[in-house]
1. Which far-off residues, 5 or more places away or on another chain, put their amide H under 5 Å from the one on C153, with H placed in the peptide plane?
2. Please give the calculated 222 nm ellipticity per residue for the chain, where each DSSP H segment of at least 4 residues contributes -39500 (n - 2.57) and the sum is spread over every residue; nearest 500 deg cm²/dmol?
3. Taking amide H atoms as placed 1.01 Å from N in the peptide plane, list the residues 5 or more away in sequence, or in a different chain, whose amide H sits under 5 Å from that of H52.
4. How high is the FRET efficiency from E50 to T172, r the C-beta distance, R0 22 Å, rounded to 0.05?
5. State which stretch of the chain is the longest one without any exposed trypsin sites (Lys or Arg not before Pro), exposure meaning a DSSP loop state and at most 13 other Cβ atoms within 10 Å.
6. Just want the answer: with Cβ charges of +1 for Lys and Arg and -1 for Asp and Glu, which residue in P154, M97, C16 is farthest toward the dipole's positive end in the chain?
7. Would you mind giving the average projected area, over all directions, of the Cα convex hull of the chain in nm² with one decimal?
8. From the backbone phi of region 158-175, what are the Karplus-calculated ³J(HN,Hα) couplings (6.51 cos²θ - 1.76 cosθ + 1.60, θ = phi - 60°) in whole Hz, Gly and Pro given as x?
Amino acid sequence: VDQERCIGCWSCAIICKSENDLPLGMWWNRILTEGESMDQPEVVRGVGLEMHWLPLACQHCGNAPCVKVCPVQATYHRSDGLVMQDTERCIGCRYCMIACPYGVRNFNWGEAERPTPYETGMVEARDLGTVEKCTMCVHRLAEDQIPSCVWSCPAQARIFGDLNDPEGRLSTLILEREGERLLEESGTDPSVYYLPPRRRSPL
């Protein structure tokens with residue numbers, strides 16, 4: 001996510017909501033502001049105002065706490081590293097929501113579309129609701145397309161690629177712009193990098 005290019009328009013969040021048919025009030029993608037306080041710029045060296053935005057969704061962590069705490073393995077890693085949620089297995093315990101340090105998981109009280117309810121031995125998961133999250137648009141990836149939030153960004157602030165390709169555009173930008181990861185000190189090994197904005201005003 002290139003924070004220098006992001007204009008805080010919420011296009012990525014809106015297209016995500018539409019693409020995944022999310023219910024009212026649920027957002028897999030949110031846009032936070034960075035400044036003195038919510039939606040207020042910060043004074044830079046006493047001479048100018050600056051404000052930047054922080055798009056926030058699942059960080060698809062390599063060492064994901066949500067995967068570790070799920071008692072029914074409803075949260076799991078795909079072979080390509082994406083963190084996925086199996087709503088057919090989810091029993092609605094919300095342990096993953098508590099474990100996620102980024103607060104990007106959502107609870108859906110509605111019934112998930114399932115051919116048959118998943119039996120827990122005591123209660124049906126259908127009666128408990130399910131947790132949902134960003135899937136990085138795996139249905140689009142399966143068709144060799146990019147996630148909706150990436151192609152819909154009018155400022156081209158989102159870049160999608162293979163972190164394992166050292167010669168790729170993604171790896172090059174992260175190196176050149178000194179990309180940062182959120183809460184990296186927590187040991188979650190997030191897969192999402194943020195390219196910090198470069199100061200435009202003179203020192």
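1. The answer is none.
2. -4000 deg cm²/dmol
3. Under 5 Å from the amide H of H52 lie the amide H atoms of E34, each far enough along the sequence or on another chain.
4. That gives a FRET efficiency of 0.25.
5. 79-197
6. P154
7. If you wrap the Cα atoms of the chain in a convex hull and average its projections, you get 13.1 nm².
8. Values per residue, Gly and Pro as x: 10, 10, 10, x, 9, 5, 7, 9, x, 9, x, 4, 4, 4, 5, 5, 4, 5 Hz.
The values are calculated or read from the model by the stated rules, or taken from the named source; none is laboratory data. From a predicted model like this one, the values you see are computed outputs, not experimental measurements. So basically every Cβ, Gly included, is an ideal-geometry build from the backbone, and we count neighbours across all protein chains shown. Remember, those area values only see protein heavy atoms, side chains included, never the ligands or the DNA or RNA. Shrake-Rupley method; radii C 1.70, N 1.55, O 1.52, S 1.80 Å.
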